[in-house]
Amino acid sequence: MTDQNAAKTDEATVDQTDGPVIADGVDDEPVERNRRAFSGWAYVLIASLSTIYAAFHMLALNGVSISNWTGIELPFLPEVPLETWNFRIVHIAGALGLGFLLFSAHAFGDKSAAQKDNKLLSILAAVLLIPMLISGANAISYVTLINSGTLPEMGGLTTWAAFPGTEIYQSEVTWFGTPLLIATFGAIALGWFERRARDSFAASDIVLALCGVVVAIYLIAIYGTAARNSVGTPFVPIGVAFAATAGAAMILELTRRVAGLALVIITGVFLAYTFTAHLLPGILAVQNAYSWQRFFGHVYSDAGILGPTTAVSSTYIILFIIFAAFLQASKVGDYFVNFAFAAAGRARGGPAKVAIFASGLMGMINGTSAGNVVATGSLTIPLMKKVGYHKKTAGAVEAAASTGGQIMPPIMGAGAFIMAEITGIPYTEIAIAAIIPAVLYFVSIYFMVDFEAAKMGMRGMREDELPKFNRLVRQVYLFIPIIILIAALFMGYSVIRAGTLATMAAAVVSWFTPYRMGVRSILKAFELAGVMSIQIIAVCACAGIIVGVISLTGVGARFSSLLLDLAGVSQLLALFFAMCIAILLGMGMPTTAAYAVAASVVAPGLVQLGIPMLTAHFFVFYFAVLSAITPPVALASYAAAGISGSNPMETSVASFKIGIAAFIVPFMFFYNSAILMDGGWLEVSRAALTAIFGVFLLSSGVQGWFMGARSAWFLRAGLVLAALFMIAGGLVTDLIGIACFAALFFVQKMFTPAPDAQIAVKGAD
């Protein structure tokens with residue numbers, strides 16, 4: 001889009017806000033440029049598959065068995081509860097199937113271009129169905145053979161003797177693995193070039209979806225035998241290596257389609273490291289080279305793809321995606337935004353303050369910074385520009401607020417659940433520890449936008465431009481699902497049970513609104529959840545590949561030794577280095593994947609430094625989240641720049657400035673654990689109050705606005721220094737910070753130096 005067209009779009013958007021602002025559809029999922037748009041039988045098929053996929057998870061997680069309900073035993077109907085590995089394999093296979101059918105390998109342009117089908121490539125892709133069917137038929141034959149009872153047993157488990165020279169080995173290589181790889185890699189390659197209309201399936205994508213099913217059938221069958229014990233060793237069955245290779249390739253390709261190249265490139269670097277590590281010098285070297293068979297047999301296990309990341313995506317994350325879909329169907333997201341406008345819209349710079357609250361709430365639930373920017377930013381960014389914010393500032397505020405939603409308890413964009421899974425620390429303890437850091441972050445953003453508005457002399461929105469607060473108060477019951485979720489969690493209910501109750505509450509609450517959820521609406525919500533889950537599942541599985549590399553090569557332990565060496569020089573230097581690595585690993589990646597990778601690489605080293613487990617993981621989690629607004633690769637800032645029409649790099653720098661306090665907060669709870677609720681109430685309260693005051697001083701110094709007036713440069717420097725003393729958390733440093741504040745207040749009020757004032761120096765020559 002040209003600048004002229006962007007300007008016209010902006011003007012049109014602003015013109016639409018001349019009347020009362022009523023949020024409508026702010027939490028609707030944006031349609032990606034490569035997502036297919038089906039109609040007729042194709043839509044019915046995809047909608048049915050998506051609904052079944054999401055509903056399956058909800059039923060399975062709550063131990064509901066259709067067979068037990070009905071007494072009807074249907075073939076291939078899974079028994080609940082599913083074995084853990086099987087459940088995760090089905091979870092990934094379903095996402096692969098839906099993902100390839102829904103998301104094309106390329107973006108769709110105009111209608112005429114999209115309809116220029118390459119029939120020859122489609123025919124070649126259709127030919128790949130032959131090796132896929134050969135591989136699938138053999139996978140089914142293995143299932144039949146294993147279930148026949150004719151194979152010997154060992155320790156109560158069926159043996160699978162797939163050693164070189166055996167008939168099974170030859171069959172796995174010739175009739176299962178080779179055709180599977182031909183079909184998988186052939187379809188991936190053809191998918192890049194095959195062009196089909198947006199409302200039709202591509203043959204290559206159908207092949208990939210079916211290959212995902214074949215991989216699942218084979219792995220479920222083999223992992224049910226004694227062969228599962230050989231995973232991660234050189235003796236893993238060759239078929240597992242073939243299936244894992246195909247599965248990993250499909251995960252990488254789907255991740256590219258739904259999340260871009262950043263995570264794929266990082267994963268590629270780790271994969272390259274696996275097979276070249278024995279050639280590298282220093283701490284990166286490994287003693288012996290890893291075979292292809294051993295690595296891929298290792299990576300598709302609970303030490304890699306089926307490990308912590310998929311454990312969380314298959315339980316907590318998809319459950320809360322279903323919850324978010326139900327909230328969307330009942331228009332609760334619209335209510336959040338309207339309520340925020342009614343409550344804060346009249347304050348100076350009102351739309352920016354609305355963005356802080358609304359985007360924070362929405363970001364907490366949907367778990368993606370960039371996605372939340374696109375959803376709520378389409379409303380808040382034009383309004384911020386309308387009241388006087390520069391376009392880059394408007395985009396930066398929305399990006400910083402949406403990113404902050406990932407650290408806001410109780411949901412924290414699913415980050416808290418991943419942390420609980422990795423560390424073993426109870427979820428409630430993590431959520432409580434996150435309260436003060438989240439308050440500091442949002443208070444900081446509030447001060448930053450408020451001071452910016454004061455400097456620019458901005459107004460708030462008029463009453464006739466805002467939703468009626470009295471009317472919205474009557475609908476405050478729409479917060480009930482969130483309240484039930486929080487209450488259930490802190491009453492000791494499991495996360496699964498609490499999320500299920502909150503989802504049911506969202507449906508019940510909708511009955512008191514014009515958007516009453518009946519059977520059709522509930523099915524629609526499950527369909528939406530199935531589609532929404534694809535990206536995060538692909539990302540988590542892809543991050544699992546990196547985790548598998550780390551667990552096999554031990555590179556995390558060697559990185560830990562590097563941190564220990566740095567700590568011998570300076571502990572602060574070691575923390576700074578850990579911060580940089582966490583941000584670099586997170587750039588361009590969704591929060592979930594960013595934290596999972598950083599937790600595997602950086603957190604163990606911090607724990608070895610003697611840092612408590614919770615503090616270490618919070619440290620890397622915060623910086624992984626903040627990578628979304630950290631230049632040069634700031635996904636949330638870039639998404640906001642696309643809406644505001646500003647320069648992406650300038651917007652990312654501005655969002656970094658607005659969220660600057662968040663880059664200090666992790667160091668705060670390292671030096672003062674009371675920030676994480678570790679200590680008595682008096683200690684925690686003092687740490688929180690002094691930290692908030694420190695954040696106020698920091699915001700004043702950064703923005704150059706102090707006690708109702710612009711500040712000279714040396715006052716700004718003094719404010720930043722005083723802020724750092726206050727943030728440190730010690731009694732002595734707090735007193736020094738208060739003394740600095742008093743001195744600066746005196747200078748500002750008594751002398752009121754101009755912003756461009758200079759310090760007079762006599763006799764310097």
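Any read-out appearing in this document is the output of simple, stated calculations on the displayed coordinates, not a laboratory observation. In this text, all values refer to a predicted model and were calculated from it rather than measured experimentally. Cβ sites come from the backbone with ideal geometry, for glycine too, and all protein chains shown count toward neighbours.
The Trp713 and Ala739 beta-carbon pair, evaluated with R₀ = 22 Å, returns a calculated FRET efficiency of approximately 0.60.
Computed from Cα atoms, the angle from the helix 391-404 axis to the main principal axis of the chain rounds to 60 degrees.
Computed from the Cβ-Cβ distance with R0 of 35 Å, the FRET efficiency linking Ser521 to Leu129 stands at 0.40.
A 29 angstrom limit on the alpha carbon distance is what I want to check against. Which of Lys386/Lys524; Lys331/Lys386; Lys385/Lys657; Lys353/Lys524; Lys331/Lys468 exceed it?
Lys386/Lys524; Lys353/Lys524
Cα centroid separation, region 656-709 to region 297-331: 33 Å. Dipole of the chain computed with +1 at Lys/Arg Cβ and -1 at Asp/Glu Cβ about the Cα centre; of Ala329, Ser230, Ala502, farthest Cα towards the positive end is Ala329. For region 212-307, relative contact order (Cα pairs under 8 Å, six or more residues apart, normalised by length) works out to 36 percent. Using the Karplus relation 6.51 cos²θ - 1.76 cosθ + 1.60 with θ = phi - 60°, the per-residue 3J(HN,Hα) values for region 443-451 come to 4, 4, 4, 4, 4, 4, 6, 5, 5 Hz, with x marking Gly and Pro.
Of Phe295, Gly349, Leu254, whose Cα points farthest to the positive end of the dipole of region 233-354 (charges on the beta-carbon: +1 Lys, Arg; -1 Asp, Glu; origin at the Cα centre)? Result: Gly349. Here the gap between Leu280 and Thr159, fully extended at 0.36 nm per residue and compared with their Cα-Cα distance, gives a gain of 39.7 nm.
Efficiency by 1/(1 + (r/R0)^6): what FRET value for Asn118 and Val476, r their Cβ-Cβ distance, R0 = 51 Å, to the nearest 0.05? Efficiency computed from Cβ-Cβ geometry: 0.35. Between Glu83 and Thr144, the modelled label-to-label distance comes to 2.1 nm, taking each label 7 Å out from Cα in the direction of the beta carbon. Scanning residues 5 or more positions from Trp705 or on other chains, those with amide H under 5 Å from its amide H are Ser711, with H placed 1.01 Å from N in the peptide plane.
This model, with +1 at the C-beta of Lys and Arg and -1 at the C-beta of Asp and Glu, gives the chain a dipole about its Cα centre of some 1240 debye.
Computed from point charges on the beta carbon alone (+1 for Lys and Arg, -1 for Asp and Glu), the dipole magnitude for region 40-259 about its Cα centre is near 660 Debye.
Phi-derived couplings, Karplus 6.51 cos²θ - 1.76 cosθ + 1.60 at θ = phi - 60°, listed residue by residue for region 521-529: 5, 5, 4, 5, 5, 5, 4, 4, 4 Hz, with x used for Gly and Pro. Calculated [222 nm] ellipticity per residue, helices only, for the chain: -21500 deg cm²/dmol; basis is -39500 (n - 2.57) per DSSP H run with n ≥ 4, divided by all residues, nearest 500. Shown in residue order for region 305-312 are the 3J(HN,Hα) couplings computed by the Karplus curve 6.51 cos²θ - 1.76 cosθ + 1.60 at θ = phi - 60°: 4, 8, x, x, 5, 6, 4, 6 Hz (x for Gly and Pro). The residue list Phe87, Phe751, Thr158 was ranked by how far each Cα lies along the charge dipole of the chain toward its positive end, using unit charges on Cβ atoms, and Phe751 comes out on top. Computed from label points 7 Å out along Cα-Cβ, the spacing between Ala197 and Thr233 is 5.6 nm.
For region 165-239, give the magnitude of the charge dipole about the Cα centre (Cβ charges: +1 Lys/Arg, -1 Asp/Glu; no others), in debye to the nearest 20.
Dipole magnitude for region 165-239 comes out near 180 debye.
The label point for Leu59 and the one for Met613, both projected 7 Å from the Cα toward the Cβ, are 3.6 nm apart.
Compared with the direct C-alpha span, the chain from Glu463 to Phe746 gains 98.1 nm at full extension, assuming 0.36 nm per residue.
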